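Worksheet: one structure, shown below.
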Amino acid sequence: MALPERRLLSDIRGASRLAFDATASIAALVGNMHRTIQMRPGPFGKTVPGGPRGLTGLVYRSVEGSIRLLGRGLDAGLAPLEGFLPEGESTSGRDAFLSALNGIYGDYLVHNNNPLAINMSLHFQGQHFDPGHQIAPPMRDPSAIHSGRILVLVHGLCLNERNWEREGHDHGQRLAEDLGFAAVYLRYNSGLKVAHNGRELANKLDQLVKSWPVPVEELVILGHSMGGLVGRSACHQAELTGLSWLKSLHKLVCLGTPHHGTLLERGGHWLDSALALSPYSAPFAHIGKRRSAGITDLRHGSITDGEHEFVPLPEGVKCFALAATLASRRSVLSERLIGDGLVPLNSALGLHKDPGQALSFTESDHSTLYGTGHLELLNRPEVYEKLRAWLA
């Protein structure tokens with residue numbers, strides 16, 4: 001009988017941790033609501049501190065403690081078994097689930113050392129590799145590893161490197177075929193702070209450029225959505241720490257990147273604030289606040305550890321922005337509200353009502369695509385033609 005794969009057991013451990021944590025959190029939430037109802041405060045005002053007291057409080061604390069104890073016991077029992085099992089291969093469905101989960105709760109997973117947390121990695125022609133280690137065959141095009149032109153593709157929130165292929169088209173693969181790039185794809189935990197991923201990417205790129213088999217003539221970063229913020233953050237971190245790969249970076253291209261934030265995340269923040277106004281609804285605000293640091297960074301497009309610190313485009317790097325809107329033509333509604341369905345048009349173009357906060361994309365280095373959604377930026381022929389022209 002074949003042994004189960006290590007990935008499967010690891011997934012079971014991670015999922016069970018989440019399930020037990022969620023159940024314990026629900027018990028605590030109900031307890032807090034019970035306490036509020038006992039105290040009968042007014043409809044608005046400060047939250048009643050603490051949980052239920054007396055025998056009722058003891059029952060709630062016992063239930064919550066028992067749930068967490070059960071979870072730790074199950075995890076401790078399963079963990080030693082992983083070392084005896086074969087690693088196994090991941091699937092596209094599993095990768096999609098993990099990427100979405102990490103996008104929403106990625107920082108929570110890392111904080112709790114959950115096996116479902118994604119570690120940053122580079123991928124070349126479908127293979128995961130570490131810079132400095134030889135890429136093992138088979139490869140679709142072995143000659144690509146000897147190209148001095150490297151294109152690094154950085155995906156968006158809740159996605160992974162597989163999502164660059166959409167409806168049979170992959171910008172990276174096409175650019176590799178047409179322009180001779182070696183297309184290197186990044187996978188990362190999009191629920192961590194953008195600045196954290198920027199630091200990690202900066203270090204990865206430093207290792208990549210130093211260990212590439214041939215001298216790197218040109219390095220290009222192509223970021224979709226949050227990926228553009230991570231790319232800009234990596235440039236900022238490299239400049240602060242003096243990493244040498246930044247000298248090899250010729251171009252940075254951002255597709256639908258929320259440079260100044262998204263209305264969706266601002267709406268979530270406003271909802272949290274509204275729920276906190278009443279002690280009866282305040283416990284539910286804690287559920288919304290559990291969303292990841294990566295998502296909250298999208299409120300203003302933050303790329304540093306500060307909440308809203310303006311960082312200009314990297315000096316000496318040709319920067320491009322491609323924005324999309326679902327509308328067929330420009331209007332106040334399409335620019336500020338509709339955008340591409342997720343990112344407002346002006347945010348994707350780096351425009352801001354305060355000129356000091358605007359990003360300096362030149363007239364020829366930004367473009368707008370009409371009648372196009374956020375994910376369609378990954379496969380529309382018009383997008384590829386623009387990329388090909390910018391990178392040729």
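The values are calculated or read from the model by the stated rules, or taken from the named source; none is laboratory data. Keep in mind the model is a prediction, meaning the values are calculated, not measured. Here the Cβ is made from the backbone with ideal geometry for all residues, glycine too, and neighbour counts use every protein chain on show. Accessible surface areas use protein heavy atoms only, side chains included; no ligands, DNA or RNA. Shrake-Rupley method; radii C 1.70, N 1.55, O 1.52, S 1.80 Å.
Summary table below
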| quantity | calculated |
| --- | --- |
| Accessible area in square angstrom per residue, segment 191-231, 1.4 angstrom probe | 29 |
| Mean projected area in nm² (Cα convex hull; one quarter of hull surface) for segment 86-209 | 8.3 |
| Of all accessible heavy-atom area on segment 102-255, the percent that carbon and sulfur account for (1.4 Å) | 48 |
| In Hz, Karplus ³J(HN,Hα) per residue of segment 96-103 (6.51, -1.76, 1.60; θ = phi - 60°; x = Gly, Pro) | 5, 4, 4, 5, 5, 4, 5, x |
| Heavy-atom SASA rank of TRP245, TRP390 (probe 1.4 Å, accessible area, largest first) | TRP390, TRP245 |
| Per-pair calculated FRET efficiency, R0 = 22 Å: ASP365 and SER92 via Cβ, rounded to 0.05 | 0.05 |
| Segment 152-268: Rg to Rh, with Rh as the Kirkwood radius over Cα pairs | 0.97 |
| Per residue solvent-accessible surface (Å²) - segment 295-392, probe of 1.4 Å | 49 |
